[in-house]
Structure formats: structure tokens, C-alpha cells
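Down below is the structure, laid out as C-alpha cells.
The values are calculated or read from the model by the stated rules, or taken from the named source; none is laboratory data. Quick caveat: nothing in here was measured; it's all calculated off a predicted structure. Glycine gets a Cβ as well: all are built from the backbone with ideal geometry, and neighbour counts include every protein chain shown.
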């Protein structure tokens, strides 16, 4: 049966134009596409579970109509990983071997309920052996397991990684809702694709399923659980050229004697402009969102601190050497114009300005800072030295 906006009740909280566009473009594309484009690079392939498996005693029939959808999503995830590996080693899929997969495969991330995960893991091992890197994510939150909780748990998992791209595996009719859930619940710096099980591999009533999905999209968008309209996307899947994401920090670092919370004068952080010999910090508040524009002269340093939330920096002009301390040790990297820096929570960091630089800085939560003594000592010593040099010239 052909599905159109006219098939929907008047109490559907969406305009006929929106529903028509949703059905005739997004659902039609997913339901009629025979093939999907495999991303050139991805950091993880996430299989989103369907409903609970149906078993008769200890026996599980994967091809049972109640189980086939979960089975085919896992099968598709395995095939996508093989294709990613083939692209990485420049071979055909049928030419790759277990050594290629061990060295080049991104992890296969299974997202399901507490009872689904052991079965999903068993299917993976039966279909692909022990060579895949498996990660199991229990998606139950507050007693619920749904698309929103699945994406939220994936996001929490990504906090301890440097992932820049994910590939979600689901069913064709589920794609529009997964995309909207991803945009709502994943940070902007994680790009993602949604790949689906081709329609011919699973059987369902297209009219009833699509009708239900449209209603869910409208209802969840009204609640704020997903975005209603999909924003423009960056076409690049590999974001390495313009974004640097640190590895995870140590949440226990605040107990270290090397950490101290600086004394801040009342209202100091609210001063619109702070200026010293290094340059300026211009504080902005746009519709409740606070951010700083920081101007710094070549040869100076800033920060030497750590935060409990994510810090985002965009270099507009100039050049910076960034030093960070993560769980895995110290890292240095060079950041240039039009590049983003994502500093994960609990990561001490130091900016060394190699050129006159302007950057924007903000955080994903209320601002609070702790000093990391080894980095602050470097900054203070350098600041003192530069101050003395400037004074000697006057």
C-alpha cells in the first residue's frame, strides 16, 4: 500500500508538508534502496537491537519471524566491518583474512537489553568466530531500553574514547528516527552514518510500520527526545583534518596533591574583558550560552588547569601547541586556523601559543576549574620571565 500524508489522522502533530516530505524522501529512500554506502572510515559499528528474542526452552530459532530482525542487523554489522577492513587493506571482501580483521577492524558494538546481549554475543561468535573486537553495551536506563537510551549509552561509552565517527546498524524503516535521535543525543563532534538491513531481508506491513514510525517521530520531537528537522551535515566522514579530540581523563585526578582549586575573586569570571600582557579574554553571554573569545600574543601560555566537563576550542587564527595529560599519558599536538579542539573531562591541558592567536572557548556545562600544578608552574615561570623581559625594555 502506498503511504501518503493523507493516510494520517488529523491529530498527528505535524504539518501535512512535513509528513509528506518525511514519507516521500526519507522513508522512501530507505525502503527502496537496495544498497548502502559504506563509510571509508569509522571508529565503531553499533548494532541497535530490536525487540526481545523469542525462545522455546533453550532453543533459539534465529530465522523465527520474531527473531529475524535482530539476526539480520547483526549479520549486516558483521558485513559492514568486513567491508571497512577491505577498504583499509585495499582488498576485496572475499580476500581479507583473520589477520586483516584482527589488525584493522573497528569494534563491533552491540547495544541491547540485559537479556538480549548474551544472545547477540552468541550470534556474533557463531557467525564470525572469535576474531571480532566485541563491545557489549547494556542500554537499559531507568528500567527502559529504547532507541534514545541506546544512543545515550553509546554516547557515555564514547566519553572514554577519541571516536569521531560511528556507524549505526538498524532496519530500513527505523533510519529516520535513529538519525534524529543521534543528532539530539550525540555531541556535534561525533559524525555518524545509519546503515540499514535491506527491506527484502525482513518482512513487515510497510503501511502500519511507517505510520507508527511517523507518529513516534512527531511525539518524540514534541517531547524534545529527538530533533524534528535534520540539520545540514558535514559530508566528510574523516574529521581528523580539522578536529582534535583528546583521550579520556582520570576522574580521580582531583584527589591528587598536584590539583588545587584557585581562589577566585567574587565577580571575576563575570568581568566582560580581562586583559594582561598576554592579551585579552572577552567574555560573551548569548541567550544564556557563555563563551570566551581569547586573544593571545606569540610566546605566551595559558590554562594549566582541568575541568569536570568537556572544553571546546576553535582556533580562528594563529597556531597553538597543546599539551594534555590523559589516562594514557602526555600528548602534544599542533592546532592551526579553523581547527577544533575537544578536551575531554578530567584532562589537564596547557596552551603554548606559537603565533598571535585568536580562539573561541566554551564548555558543555557550568564552568569550574582546578589547577594542575606541573602545568601551572610552567605557565607562571614563563609569565614571570616574559614580564621581566618586557620591563627591561622600558
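Return the only residue of 251, 255 being within 24 Å of residue 164 (Cβ to Cβ), modelled with pLDDT of 90 or more, surrounded by fewer than 16 Cβ atoms within 10 Å (Cβ to Cβ) and not assigned by TED's automatic domain parsing to the domain that holds residue 172. Step through it out loud before you land on a result.
Values: 255 fails: within 24 Å of residue 164 (Cβ to Cβ).
Exactly one of 251, 255 is within 24 Å of residue 164 (Cβ to Cβ), modelled with pLDDT of 90 or more, surrounded by fewer than 16 Cβ atoms within 10 Å (Cβ to Cβ) and not assigned by TED's automatic domain parsing to the domain that holds residue 172, namely 251.
Only one residue in 111, 162 is under 23 Å from residue 213 (Cα atoms), assigned by TED's automatic domain parsing to the domain that holds residue 48 and either in contact with a strand residue (DSSP E or B) (Cβ under 6 Å, 6 or more places away or on another chain) or at pLDDT 90 or above (or both). Which one? Answer to the selection: 111. When 108, 137, 102 are checked against the criterion of being buried (at least 21 other Cβ atoms within 10 Å of the Cβ) and touching a residue at least 12 places away in the same chain (Cβ under 8 Å), 108 stands alone in meeting it. The set of residues in the range 348-388 being buried (at least 16 other Cβ atoms within 10 Å of the Cβ) and part of a loop (DSSP other than H, G, I, E, B) consists of 348, 369.
Exactly one residue out of 323, 314 is modelled with pLDDT of 95 or more and in a strand (DSSP E or B), and it is 323.
Would you check if there is a residue in the range 67-74 being closer than 19 Å to residue 110 by Cα, in a loop (DSSP other than H, G, I, E, B), modelled with pLDDT of 85 or more and assigned by TED's automatic domain parsing to the domain that holds residue 182?
Within the range 67-74, the subset closer than 19 Å to residue 110 by Cα is 67-74.
Narrowing further to those that are in a loop (DSSP other than H, G, I, E, B): 67.
Adding the requirement that they be modelled with pLDDT of 85 or more leaves 67.
Still in the running and assigned by TED's automatic domain parsing to the domain that holds residue 182: 67.
Within the range 67-74, one or more residues are closer than 19 Å to residue 110 by Cα, in a loop (DSSP other than H, G, I, E, B), modelled with pLDDT of 85 or more and assigned by TED's automatic domain parsing to the domain that holds residue 182.
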